[in-house]
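Participant: Questions regarding the structure given below will be posed in turn.
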Amino acid sequence: MSYLLALDAGTGSIRAVIFDLNGRQLAVGQAEWKHLSVDNVPGSMEFDLTTNWQLACQCIRQALDAARLSAADIQSVACCSMREGIVLYDRNGEAIWACANVDARASREVAELKEIHDYRFESEVYEVSGQTLALSAMPRLLWLAHHRPDIYRKAATITMISDWLAAKLSGELAVDPSNAGTTGMLDLFSRDWRPALLDMAGLRADMLSPVKETGTLLGAVTEAAAQQSGLRAGTPVVMGGGDVQLGCLGLGVVRAGQTAVLGGTFWQQVVNLPQVRTDPQMNIRVNPHVIPGMAQAESISFFTGLTMRWFRDAFCAEEKLIAERLGVDAYSLLEEMASRVPAGSHGVMPIFSDAMHFKQWYHAAPSFINLSIDPEKCNKATLFRALEENAAIVSACNLAQISQFSGVTFDSLVFAGGGSKGALWSQILSDVTGLPVRVPVVREATALGCAIAAGTGAGCMTIWPAPESG
């Protein structure tokens with residue numbers, strides 16, 4: 001029997017996940033990684049190319065061992081990654097510099113670029129790409145031109161981190177639209193680079209790599225990569241993509257109008273758009289989906305998962321001990337307590353994330369307001385439920401903004417990620433949005449989507465949605 005391998009490079013870890021051709025997960029190899037802060041470069045978070053490739057190879061071998069498979073059993077492999085992270089290569093195709101998605105060194109360059117065309121440049125970038133400057137690649141490239149001209153001059157090609165993994169395996173350099181779209185340099189409508197944007201920014205436009213759609217055959221595992229990774233030389237390497245979009249593929253969110261809330265560290269609200277378009281108010285990010293020709297509106301709720309973890313660790317030591325004794329998750333115990341609190345949480349209102357304002361991020365100081373001194377009404381259970389309600393309310397606000405500019409009306413939504421493990425939270429999200437909420441059983445949606453891409457390139461699967469019956 002044949003199997004598919006997905007390499008999933010997240011912000012904090014790398015995973016190699018093996019699936020069979022029915023999408024059943026067999027094994028996973030995982031390792032945490034850390035990004036490198038450069039001395040005297042505030043906000044820097046460089047991607048450790050040498051160590052992280054070693055970790056990727058370690059994970060592949062670990063997954064093969066756990067699944068008790070030989071390298072010959074892997075029919076094809078694809079790679080996905082955090083978005084916004086970029087890698088630069090010299091003319092020999094050797095990676096010379098990379099940064100993670102959390103690299104924030106280029107704030108001055110963001111401000112500098114915004115001044116172009118009498119402060120209209122960011123709007124021009126957004127209209128074409130669906131991206132603003134804060135998360136895009138252009139400020140980072142400009143920072144290199146200012147501070148590391150040696151690297152900037154040597155750079156001959158740019159890709160994303162998922163493409164770097166694929167290049168390490170195959171020796172071939174290319175990008176896919178779903179991940180490269182987050183650079184702010186790719187045309188959302190043509191799904192190809194827009195060199196004119198770099199020209200306007202005073203940046204080089206001669207380092208843009210070929211664009212290939214997700215699921216396209218890129219190359220094959222080289223002899224050198226086979227020795228390092230444990231894969232078989234000649235194994236097909238297929239274009240992967242961005243983690244969120246491939247996660248939506250793994251969840252089956254592949255048709256126009258389908259909607260998902262991805263409940264992780266940050267919450268994302270994503271909607272597949274019936275037509276490719278951007279938001280006239282610039283409140284919403286718009287990315288290429290991995291489905292060719294489709295774009296996806298995306299909003300973000302900040303700190304949602306982090307806030308819940310902070311609340312648990314700061315105030316719920318007793319509940320953590322009880323949960324450990326009972327052999328249950330502490331969040332499950334807190335949800336059971338919160339389920340006895342009436343809707344509205346006795347008027348307690350937490351403020352931890354505003355609705356999405358992509359053009360200009362801003363947030364109120366994190367706080368709880370309208371607390372009372374009645375311990376029967378204002379206690380840990382109340383505050384926990386209030387946090388869950390707030391996350392649902394912000395999600396509903398973001399979905400309303402997407403609906404307003406796109407014209408999409410929602411009939412249901414998919415709720416996935418860590419937040420969806422809570423039955424109460426799923427119900428609250430349904431109550432607040434007024435929509436039926438579907439919680440899928442798939443555990444590794446991003447890796448599954450990546451495996452589907454690998455299977456598409458091998459000819460045994462397809463990323464295209466099946467025709468709707470009727």
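Participant: Among the residues of segment 85-112, what is the count of those that are crowded, with 23+ Cβ neighbours inside 10 Å and either more than 22 Å from residue 9 (Cβ to Cβ) or β-branched (Val, Ile, Thr) (or both)?
Facilitator: Within segment 85-112, residues that are crowded, with 23+ Cβ neighbours inside 10 Å and either more than 22 Å from residue 9 (Cβ to Cβ) or β-branched (Val, Ile, Thr) (or both) number 2.
Participant: Follow-up question, since we're still on this one. Among the residues of segment 339-376, which ones are surrounded by 16 or more Cβ atoms within 10 Å (Cβ to Cβ) and over 24 Å from residue 265 (Cα atoms)?
Facilitator: Once the filter is applied, which keeps residues that are surrounded by 16 or more Cβ atoms within 10 Å (Cβ to Cβ) and over 24 Å from residue 265 (Cα atoms), segment 339-376 yields 341, 346, 371.
Participant: Out of the residues in segment 134-187 meeting the condition of being surrounded by 24 or more Cβ atoms within 10 Å (Cβ to Cβ) and in a loop (DSSP other than H, G, I, E, B), tell me which one is modelled with the lowest pLDDT.
Facilitator: Applying the filter and picking the extreme gives 136.
Participant: Can you name every residue in segment 21-52 that is in contact with a helix residue (DSSP H, G or I) (Cβ under 7 Å, 6 or more places away or on another chain) and β-branched (Val, Ile, Thr)?
Facilitator: Result: 28, single match.
Participant: Return the residues of segment 434-470 that are in a helix (DSSP H, G or I) and either charged (D, E, K, R) or more than 23 Å from the chain's Cα centre (by Cα) (or both); say none if nothing qualifies. Give the derivation first.
Facilitator: Quick first cut of segment 434-470, residues in a helix (DSSP H, G or I) only: 445-458.
Within segment 434-470, just 458 meets the criteria.
Participant: Being out of contact with any strand residue (DSSP E or B) (no Cβ under 9 Å at 6 or more places or on another chain) and among the hydroxyl-bearing types (Ser, Thr, Tyr) narrows it down to one residue among 76, 44, 70, 37; which is it?
Facilitator: Numbers: 76 fails: out of contact with any strand residue (DSSP E or B) (no Cβ under 9 Å at 6 or more places or on another chain); 44 fails: out of contact with any strand residue (DSSP E or B) (no Cβ under 9 Å at 6 or more places or on another chain); 37 fails: out of contact with any strand residue (DSSP E or B) (no Cβ under 9 Å at 6 or more places or on another chain).
Only one candidate qualifies: 70.
Participant: From 295, 201, 225, 196, grab the single residue that is more than 13 Å from the chain's Cα centre (by Cα), surrounded by fewer than 20 Cβ atoms within 10 Å (Cβ to Cβ) and at pLDDT 95 or above.
Facilitator: Details: 295 fails: surrounded by fewer than 20 Cβ atoms within 10 Å (Cβ to Cβ); 201 fails: surrounded by fewer than 20 Cβ atoms within 10 Å (Cβ to Cβ); 225 fails: surrounded by fewer than 20 Cβ atoms within 10 Å (Cβ to Cβ).
Result: 196 is the single residue among 295, 201, 225, 196 that is more than 13 Å from the chain's Cα centre (by Cα), surrounded by fewer than 20 Cβ atoms within 10 Å (Cβ to Cβ) and at pLDDT 95 or above.
Participant: Mind listing just one residue for me: the one in segment 326-347 that is in contact with a Lys or Arg (Cβ under 6 Å, 6 or more places away or on another chain) and of a type in the set (A, V, I, L, M, F, W, C) and, of those, nearest to residue 418 (Cα to Cα)?
Facilitator: Of segment 326-347, the ones in contact with a Lys or Arg (Cβ under 6 Å, 6 or more places away or on another chain) are 330, 338, 341, 345-346.
Then keep just the ones that are of a type in the set (A, V, I, L, M, F, W, C); that gives 330, 338, 341.
Working: 330: 13, 338: 18, 341: 22 Å.
My answer is 330.
Participant: In segment 243-299, which residues are in a strand (DSSP E or B) and of a type in the set (A, V, I, L, M, F, W, C)? Step through it out loud before you land on a result.
Facilitator: Step one: of segment 243-299, the residues in a strand (DSSP E or B) are 259-263, 267-272, 285-288, 295-299.
Residues satisfying the conditions are 260, 261, 262, 267, 270, 271, 286, 295, 297.
Participant: Would you check if residue 414 is in a strand (DSSP E or B), within 19 Å of the chain's Cα centre (by Cα) and touching a residue at least 60 places away in the same chain (Cβ under 8 Å)?
Facilitator: Numbers: in a strand (DSSP E or B): yes; within 19 Å of the chain's Cα centre (by Cα): yes; touching a residue at least 60 places away in the same chain (Cβ under 8 Å): yes.
So residue 414 passes the test.
Participant: When you look at residue 376, is it more than 30 Å from residue 8 (Cα to Cα), in contact with a Gly (Cβ under 8 Å, 6 or more places away or on another chain) and acidic (Asp, Glu), yes or no? It would help to see each step written out before you state the result.
Facilitator: On the way: more than 30 Å from residue 8 (Cα to Cα): yes; in contact with a Gly (Cβ under 8 Å, 6 or more places away or on another chain): no; acidic (Asp, Glu): yes.
No, not satisfied.
Participant: Looking for whichever is in contact with a His (Cβ under 8 Å, 6 or more places away or on another chain) and under 27 Å from residue 134 (Cβ atoms) here; the options are 84, 115, 32, 46. Which one fits? Working first, answer last.
Facilitator: Working: 84 fails: in contact with a His (Cβ under 8 Å, 6 or more places away or on another chain); 115 fails: in contact with a His (Cβ under 8 Å, 6 or more places away or on another chain); 32 fails: in contact with a His (Cβ under 8 Å, 6 or more places away or on another chain).
Selected residue: 46, the only one of 84, 115, 32, 46 that is in contact with a His (Cβ under 8 Å, 6 or more places away or on another chain) and under 27 Å from residue 134 (Cβ atoms).
Participant: Scanning for something among the hydroxyl-bearing types (Ser, Thr, Tyr) and either touching a Pro at 6+ places or on another chain (Cβ under 7 Å) or closer than 17 Å to residue 420 by Cβ (or both), does segment 278-287 turn up at least one residue?
Facilitator: The initial filter retains those residues of segment 278-287 that are among the hydroxyl-bearing types (Ser, Thr, Tyr), namely 278.
Still in the running and either touching a Pro at 6+ places or on another chain (Cβ under 7 Å) or closer than 17 Å to residue 420 by Cβ (or both): none.
Scanning segment 278-287 turns up no residue that is among the hydroxyl-bearing types (Ser, Thr, Tyr) and either touching a Pro at 6+ places or on another chain (Cβ under 7 Å) or closer than 17 Å to residue 420 by Cβ (or both).
Participant: Sticking with this one: With under 27 Å from the mean Cα position of the chain (by Cα), within 17 Å of residue 394 (Cβ to Cβ) and of a type in the set (Ser, Thr, Tyr) as the only criterion, which of 345, 301, 332 stands out?
Facilitator: Values: 345 fails: under 27 Å from the mean Cα position of the chain (by Cα); 332 fails: within 17 Å of residue 394 (Cβ to Cβ).
Just a single option satisfies the conditions, and that option is 301.
Participant: Scan segment 310-325 for residues that are without any contact (Cβ under 8 Å) to a residue 60 or more places away in the chain and surrounded by 14 or more Cβ atoms within 10 Å (Cβ to Cβ) and report the count.
Facilitator: Taking segment 310-325 first, the residues without any contact (Cβ under 8 Å) to a residue 60 or more places away in the chain are 310, 312-314, 317-318, 320-325.
Now restrict to residues that are surrounded by 14 or more Cβ atoms within 10 Å (Cβ to Cβ): 310, 312, 320, 323.
The qualifying residues number 4.
The values are calculated or read from the model by the stated rules, or taken from the named source; none is laboratory data. Source: prediction; values computed, not measured. Note: ideal-geometry Cβ built from the backbone for every residue, glycine included; neighbour counts use all protein chains shown.
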